[in-house]
Amino acid sequence: MTHDENEIELTPEERMMLAALPREVPHGDLLEERVVRALRSEGYFGVSPRARNRAVGIALRVAAAVALFAGGVATGRFLMVPSEAQTASGSAPSTIRASDTSRPASSSSIPVKRRETVVAEREMWL
Amino acid sequence: MIASIPANGHIAIPELTAVPPSAAVTDAALIAAAIAGKESAFRELFRRHTPHLLQFVARVLGRSGMDAEDVVQDTWLRAYPALVTFRNESSFSTWLCSVGLRAALDSMRRGKRHDAGELFDEETHFTPPPAEDRLDMESAIGRLAPGYRMVLILHDVEGFTHEEIAMQLGIAPGTSKAQLFKARRVMRALLTGKEKT
């Protein structure tokens, strides 16, 4: 290609036609909403209400699961670890013992038959 | 230009309320607010620049069959995370158009399975329309081959230099000049209905 070919110039008429070309075209509101929604879905412009509700729901479920687990652990420990008095006497679990506190009788006074029932129940739990 | 003072000496002051509030806010301020996550600032930026972007993208796509609005959406999705890189060295509109150009190029390559650079290698063979079917400028640009069309739009419509075009399109400045020459020749033939001017 020659130098002259690279230097091809527009005619005044062509320049006028090019200058007269529209520079802008109106866009619809739908396009704006599409773009904003797409940006929101990619995590821009803060957290959307739906995403926030979902996050709160997940947090509540996790908290409930942790509470249940902790409650289960606490209950299990409370039931499994015998108190010093129980260890010494080899008596029934503390729940049974606690339910028996209204009774004036000591652990040694529990009838043999009832103590056997308690031991059988404890073995069943284990 | 010096405004003439009326005979009664009273100078009419345009009402400030007639100026839209958004016009007073600069692009730089809107960009900063949009980066900070302010959606209203982004929307204002969008409304201000999308009419030109949409026209530019539609013109670049020509008759490729691609949806200009899809490319505009893609452009904003690329531009928003990249706003932090905008350094006011050019106008925001020019910067946005360069992002739009890349989005349009990608869209055309995906649609036609072009390889990179293929758009600028193809030689166009065409039959000029009869003199009575001369095209207007917009139609003539739309009928150019993609490589010709892009360079002609960027240089003759948008006012980019060959160096800027070369940088945007990933081609040599000489290639840009050659493409422009061919584009103008074909465009002239389409406008006049004659093969050679």
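The values are calculated or read from the model by the stated rules, or taken from the named source; none is laboratory data. Just so we're clear, the structure is a prediction, and the values are computed from it rather than from any experiment. Because the Cβ atoms are built from the backbone with ideal geometry, glycine has one as well, and the counts that use them run over all protein chains shown.
Couple of notes before you dig in:
- Some residue of the stretch B:144-151 being assigned to a helix (DSSP H, G or I), at the interface with chain A (Cβ under 10 Å from one of its Cβ atoms) and out of contact with any Gly (no Cβ under 6 Å at 6 or more places or on another chain): no
- The stretch B:133-163 - residue that is out of contact with any helix residue (DSSP H, G or I) (no Cβ under 7 Å at 6 or more places or on another chain) and closer than 19 Å to A:Met16 by Cα and, of those, modelled with the lowest pLDDT: B:Asp136
- Qualifying residues in the stretch B:65-82 (those that are assigned to a loop (DSSP other than H, G, I, E, B) and free of Cβ contacts under 8 Å to residues at least 40 places away in the same chain) - the one nearest to the other protein chains (Cβ to nearest Cβ): B:Pro81
- Criterion: modelled with pLDDT of 60 or more and among the aliphatic types (A, V, I, L, M) - qualifying residue of A:Ala98, A:Ala120, A:Ala92, A:Ala88: A:Ala120
- Residue in the stretch B:163-176 that is of a type in the set (Ser, Thr, Tyr) and under 15 Å from the mean Cα position of the chain (by Cα) present: no
- Filtered by the rule that a residue be crowded, with 20+ Cβ neighbours inside 10 Å and among the hydroxyl-bearing types (Ser, Thr, Tyr), the stretch B:65-85 gives B:Thr75, B:Tyr80.
- Note on the stretch B:44-64: among residues that are more than 10 Å from chain A (Cβ to nearest Cβ) and on the phi < 0 side of the Ramachandran plot, the one that is surrounded by the fewest Cβ atoms within 10 Å (Cβ to Cβ) is B:Arg63.
- Sole residue being over 16 Å from the mean Cα position of the chain (by Cα) and more than 23 Å from B:Ala33 (Cα to Cα), chosen from B:Arg59, B:Arg109, B:Arg87: B:Arg109
- Looking only at the stretch B:183-197, residues that are more than 20 Å from the chain's Cα centre (by Cα), within 11 Å of chain A (Cβ to nearest Cβ) and either modelled with pLDDT of 95 or more or part of a helix (DSSP H, G or I) (or both) come to 4 in all.
- Total residues in the stretch B:161-197, condition more than 23 Å from B:Asp136 (Cα to Cα) and either free of Cβ contacts under 8 Å to residues at least 60 places away in the same chain or surrounded by 20 or more Cβ atoms within 10 Å (Cβ to Cβ) (or both): 17
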